[in-house]
Amino acid sequence: MYILKDIASFIDAKLVGDVSLKINSLSDSSKAQKDQLTYIVDGKHKSDLINSNAGAVILTKDLLDDCPTNALVVDNVYLAFAKITHYFKQQSSHLNGIHASAKINSKNIANNCTIAEKVIIGRNCTIGANTAIEQGVTIGDNVIIQPNVTILQNTTIGDNIIISAGVVIGSEGFGNALDKQGSWHTIAHLGSVVIGNNITIGANTVIDRGTLENTQIHNGARLDNLVHIAHNVILGADTAIAAGVTIGGSAILGKRCKIGGGAVIASHINLEDDTIVTGSSTVDRHLSKGHYTGFTSISLHSDWKITQIWLFKLDKIVQYLNIKLKNLRGK
Amino acid sequence: MYILKDIASFIDAKLVGDVSLKINSLSDSSKAQKDQLTYIVDGKHKSDLINSNAGAVILTKDLLDDCPTNALVVDNVYLAFAKITHYFKQQSSHLNGIHASAKINSKNIANNCTIAEKVIIGRNCTIGANTAIEQGVTIGDNVIIQPNVTILQNTTIGDNIIISAGVVIGSEGFGNALDKQGSWHTIAHLGSVVIGNNITIGANTVIDRGTLENTQIHNGARLDNLVHIAHNVILGADTAIAAGVTIGGSAILGKRCKIGGGAVIASHINLEDDTIVTGSSTVDRHLSKGHYTGFTSISLHSDWKITQIWLFKLDKIVQYLNIKLKNLRGK
Amino acid sequence: MYILKDIASFIDAKLVGDVSLKINSLSDSSKAQKDQLTYIVDGKHKSDLINSNAGAVILTKDLLDDCPTNALVVDNVYLAFAKITHYFKQQSSHLNGIHASAKINSKNIANNCTIAEKVIIGRNCTIGANTAIEQGVTIGDNVIIQPNVTILQNTTIGDNIIISAGVVIGSEGFGNALDKQGSWHTIAHLGSVVIGNNITIGANTVIDRGTLENTQIHNGARLDNLVHIAHNVILGADTAIAAGVTIGGSAILGKRCKIGGGAVIASHINLEDDTIVTGSSTVDRHLSKGHYTGFTSISLHSDWKITQIWLFKLDKIVQYLNIKLKNLRGK
C-alpha cells in the first residue's frame, strides 16, 4: 500500500486530487476500484476514463478535464505505469528446500525440489526432481510435474494436470515502455497464471503471467512442446496448441480451437470457438469459426525465386495490363 | 498383461472372440503379434485388418466381417485406443538420488542427479548438474550431458553424444482423441526414443517418444537448439536440423538432409535422402532429393500490404483478364 | 599451447614454414596475431590471407603462393579447422556445489546451485534453485537468475540483468564441417557470450557462444521467451526480440531494432539501427532502417489453396498474357 502523494513522487507526476488516498494495487481501467490506480494511455480510451471507478488515474494533461477521480499527470503514461508496477511487485526470496508454510498433501515430492512460502499442493500429486515452485502457488489433485519445471509466484493449477519437463509457468510477460532516450523500462507483471482442470502442458513450454489480470488456460486444453503463451492470453476450454506455436500478448482463443505446429498468433487477436489454424500459419487478424491457412507452400528453390519476383511485381503487372487493355480497347 | 475380457470392459467394447486371451502389449496393426492388441481406425485400413496377425483388434461394427481375429467393437476406435494405452503405461516413481539398480560405469556424475531404476550409463560419460534420468534409460560411452537435462523412461542413447543443457528426451507425444462431448483424451505414449552414435543435440531441444513404435535419431545427426522432434519421427543418418525447427509426428527424413532454422515440417511428411530445406520454409508435402524453399521474402511493410492484396485477388484478376481478352478477341 | 608441427600432425596437414612456432590460440583471419592460427576457406578470401598477421594459416594448396606466413596445407580447410578447435577447447569438470575459487559477493544463492572454478558474482545478485554456472563466468551487480538456468563457460554478464527460468547461455554454436564420406565434424566453439547491462532474458531462451569471437548482447536489450540467438550474433543496444524468434549465426542487429514474435533472421544478415520486423516474417536479406514484413496473411483454407495455385502459375500467366497481348496487338 502506498499513498497517492508517494506514488506521484515515484513516477514524477503532478497530483491533482487527494494526496493521502491509499492505493492497494494496480488495475485495468475498466475494473479499477476506489483503492486502485489505473492508467489511460491516450485519448482513444477517453470513454474508459470517463466511466472509471478507479481511485486514481495516470494520464496526460489533455485528458485531465475528463478525469472523474484523482489524477496523476505525466508526459509518458505508459512509462509512468511501467515504473510504478515495480513498487507493487512481489519479490521471491525462498531459495532452498520446502518452506514450513507450504501445505503439501502428497508424498511423491522429490527431495531436491524448492517449494516456497504458502504453496499448496493437493492429493496424489508427483513433483519431479529439481522443480522450483515459488510463493503462493496453488496446485490441485492428481497433478504430475516432471523434472526441471519452474512454477513462478501465485500461479494457480487445477486438478488432473500433466506438466512436462522443462516447463516454465508464470514467467514475466514481455512488456516494456520506451523513454525519450530510446531505452526500455520493464513492466513488472503483477497478474498470475490460472490453469484449469484436465490439461496437459508439453516439454519446455512457457506460459507468462498477466500484466494486471491473469493469463488463463481453461479446462481440457492441450499444449504441446516449446509453445509460447504470452501475458494475458486466454485459451478456451478444449483448445489444442501443437508444438512450437507462438501466441502473442492478450490473444484470446475460444473453445475447441486447434492450432497447428509452428503457427504464430499475433498479439490482441481473437479466435472464435472452433477455429482451426493450419500449422505454420500466421494469424494477423481476428478469425471466426472456420479453417484457416496462411503460408507459402514449399517448392523447388529455383521455382520459388521466380515466384517471389512475380509476387512483388504483381502491382506493376496489373497496372501494365490495365493500360494495355485500355489501349487495345481504344483501337 | 490383461485378459481380453478385462480390456473390453476398460474401453466399454463388445468382445467377439476369446475372452481369456492374454494381451501383453499394444502394437501397430502391421506388426502386431498373437499376444498384442491393435486398432483399425476406419475402412481405409481394411487391408491392414485382413492381413493382421494381432491377437485382437479394436474396430467399428462395419469392419467386423473382415476381422480375421478377436475383435473389440466400439463406436470410436481412436478414443478406445487412447483409453487403453493408459493401462499399459509405465509409471515413473523414482524421485531422489541414484537408484541401487542403476549401473554406472563413469565417474563424472553430478551429485544432485536423479537416476532411476535399471539405468545403464557407459564409460567416460559426464552427467551434469540437476540431470534427471528415468527408469530403463540406456546410455553408451563418451556421452556428455550438460546440466538441467531430462531423459525420460526407456530412452536409448548410443556412443559419442553431446546433449546440451535443458534438453528433454522421451517426453510424451502430442496425441489426443476427441470424445462426443468435444473433450480430449490423452494417448499414453508407450514407445521410446532411440538415439544412435555420434550425435549432438542443442540446448532446450525436445524429442518426444513414439506412440507404440520408437522415435529414431540415426547416427551422425546434428540437432541445434530449441528443435521439436515429435513422436515417431525418424531422422536419417547425418541429417542436420538447425535451430527452432518444428517437425510433426511421424515425419520421416532421409540421410544427409539439411533443414534450415525455423522451418516447419508437417506431420506424416517424407523427405528423401539429401533433401535441403531453406530455413523458415513450411514443408507441406513429400519431397524428393533437391533444394526447396517456401516463405514470403521480406519487403517494406507498405509494399507487403499491396502485394498481399493482389495475391488474394489473383483468382479474380485471372478471371477478369480472361473475360477481357475474350471480349477483345471478339471485336 | 601447441607447436605448429604437432598441429600439422593433428589435422594431417603439410607444414610449410616454422615447425617449432608456438600457437596459443585460434583466431579469425582478420584479427589473428603472431601466436595464433587462422584459416582461409577458399580463394574468395585471398585478400584476407595476403594481409594476415597470423602465425600460421590453414589453407589449400592453390593459395600457398599468396601466404605471407607459415602454412598448413590441407584438402578440406573447414574440416581441418573443425578438428583443430577441439585441441583448444576448455573442458568443464566441476559438477557439484560451489567451487572454492569462486568469488561470490551476494547472499541469495540457492543451496543446490553448481558454481564452478573462478566464477565471479557481484553484489546484490540472486541465483535461483538448480542453476548451474560453469568455470570462468563473470556476473555483475543486481543480477537476478531464476531457477533451472544454465550458464556455460566464460560467459560475461553485466549489471542489472534478469535471466528467466530455463535459460541457457553460452551453449555451443551449431557449426559442423562435412568430410568426404558425408559425415559431420563438430566445431568446438571457443568464443564466449558477452552480455552488457540493463538486459532482460525470457524463459527457455538460448544464447550460443561464438566460434572464435564472442556473441554479444548490448546494453538495454530485451529478449522474450524461447528465443534462439546463434553463435557470433550481435544484438545492438536497446534492441527488442519478441518470443520464438530464431536468429541465425553471425547476424548483426543494430540499435533499437524491434523483431516481432516468431520471426526468423537468416545467418549473416545485417539489420541497421532502428529496423522493425513484423512478427512471423522471414528476414532473408540485409535491411536498412524501416519497417519490414514478410509472411502470407491468413485466409480461409479453401481460398488459400486457390491463391497458392495461382501464385505458382504466375510465371506462366505472365508469359501467356504477353503472347495474347502481342497477338491482339498484331490484329
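Values for this structure:
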quantity: Yes/no for C:Gly196 being modelled with pLDDT of 95 or more and more than 13 Å from every other protein chain (Cβ to nearest Cβ); calculated: no
quantity: Residue identified as more than 25 Å from A:Ser92 (Cβ to Cβ), open to solvent by 10 Å² or more (accessible area, probe 1.4 Å) and either of a type in the set (D, E, K, R) or in contact with a helix residue (DSSP H, G or I) (Cβ under 6 Å, 6 or more places away or on another chain) (or both) among C:Asp159, C:Asp65; calculated: C:Asp65
quantity: Residue ID - farthest from the other protein chains (Cβ to nearest Cβ), chosen from residues in region B:284-306 that are open to solvent by less than 70 Å² (accessible area, probe 1.4 Å) and either in a loop (DSSP other than H, G, I, E, B) or within 16 Å of C:Ile306 (Cα to Cα) (or both); calculated: B:Ser288
quantity: Flag for A:Asn154 being assigned to a loop (DSSP other than H, G, I, E, B), under 27 Å from C:Val143 (Cα atoms), under 25 Å from the mean Cα position of the chain (by Cα) and without any contact (Cβ under 8 Å) to a residue 24 or more places away in the chain; calculated: no
quantity: Residue within region B:17-40 that is out of contact with any strand residue (DSSP E or B) (no Cβ under 7 Å at 6 or more places or on another chain), modelled with pLDDT under 95, surrounded by 17 or more Cβ atoms within 10 Å (Cβ to Cβ) and not β-branched (Val, Ile, Thr) present; calculated: no
quantity: Test for B:Ser281: is it open to solvent by 20 Å² or more (accessible area, probe 1.4 Å) and either within 11 Å of chain C (Cβ to nearest Cβ) or in contact with a helix residue (DSSP H, G or I) (Cβ under 8 Å, 6 or more places away or on another chain) (or both); calculated: no
quantity: Among residues of region A:178-193, those that are more than 18 Å from A:Ala116 (Cβ to Cβ) and away from every other protein chain (no Cβ under 11 Å), counted; calculated: 2
quantity: Residue within region C:263-273 that is over 17 Å from B:Ser297 (Cβ atoms) and in the same structural domain as C:Val206 (by TED's automatic domain parsing) present; calculated: yes
quantity: Matching strands (runs of 3 or more DSSP E) fully within region B:165-258 where at least 2 residues are in contact (Cβ under 8 Å) with a residue 40 or more places away in the chain and under 23 Å from A:Gly220 (Cβ atoms); calculated: B:176-178, B:184-186
quantity: Given (1) of a type in the set (D, E, K, R); (2) part of a loop (DSSP other than H, G, I, E, B); (3) out of contact with any Lys or Arg (no Cβ under 7 Å at 6 or more places or on another chain), index of the condition A:Lys316 fails; calculated: (2)
quantity: Filtered residues of region B:29-66 (kept if closer than 19 Å to B:Ala177 by Cβ, polar (S, T, N, Q) and under 22 Å from the mean Cα position of the chain (by Cα)); calculated: B:Ser29, B:Thr38
quantity: Residues of region C:307-320 satisfying the condition of being more than 7 Å from every other protein chain (Cβ to nearest Cβ) and touching a Leu at 6+ places or on another chain (Cβ under 7 Å); calculated: none
quantity: Matching option when the condition is buried (at least 19 other Cβ atoms within 10 Å of the Cβ) and under 30 Å from B:Asn111 (Cβ atoms), among C:Ser101, C:Ser92; calculated: C:Ser92
quantity: Verdict on A:His268 being surrounded by fewer than 21 Cβ atoms within 10 Å (Cβ to Cβ), under 14 Å from the mean Cα position of the chain (by Cα) and closer than 28 Å to B:Lys313 by Cα; calculated: yes
quantity: Residue in region B:31-45 that is touching an Asp or Glu at 6+ places or on another chain (Cβ under 7 Å) and charged (D, E, K, R) present; calculated: no
quantity: Breaking point among (1) surrounded by fewer than 15 Cβ atoms within 10 Å (Cβ to Cβ); (2) within 24 Å of the chain's Cα centre (by Cα); (3) not acidic (Asp, Glu), for A:Ala132; calculated: (1)
quantity: Sole exception among (1) under 22 Å from A:Thr186 (Cβ atoms); (2) without any contact (Cβ under 8 Å) to a residue 60 or more places away in the chain for A:Asp62, by number; calculated: (1)
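A quick yes/no check of all residues on (1) open to solvent by 10 Å² or more (accessible area, probe 1.4 Å); (2) within 16 Å of the chain's Cα centre (by Cα); (3) not assigned by TED's automatic domain parsing to the domain that holds C:Asp284:
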{"position": "C:Val194", "(1), (2), (3)": "yes, yes, no"}
{"position": "C:Asn198", "(1), (2), (3)": "yes, no, no"}
{"position": "C:Ala203", "(1), (2), (3)": "no, no, no"}
{"position": "C:Gly210", "(1), (2), (3)": "no, yes, no"}
{"position": "C:Ile217", "(1), (2), (3)": "no, yes, no"}
{"position": "C:Ala221", "(1), (2), (3)": "no, no, no"}
{"position": "C:Ala230", "(1), (2), (3)": "no, yes, no"}
{"position": "C:Ile234", "(1), (2), (3)": "yes, yes, no"}
{"position": "C:Gly244", "(1), (2), (3)": "yes, no, no"}
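The values are calculated or read from the model by the stated rules, or taken from the named source; none is laboratory data. Only a predicted model underlies this, so the values are computations on that prediction, with no experimental measurement involved. A quick note on method: Cβ atoms are made from the backbone with ideal geometry, for glycine too, and the neighbour counts reach across all protein chains shown. The area values use the complete protein model at the heavy-atom level, side chains included, leaving out ligands, DNA and RNA. Shrake-Rupley method; radii C 1.70, N 1.55, O 1.52, S 1.80 Å.
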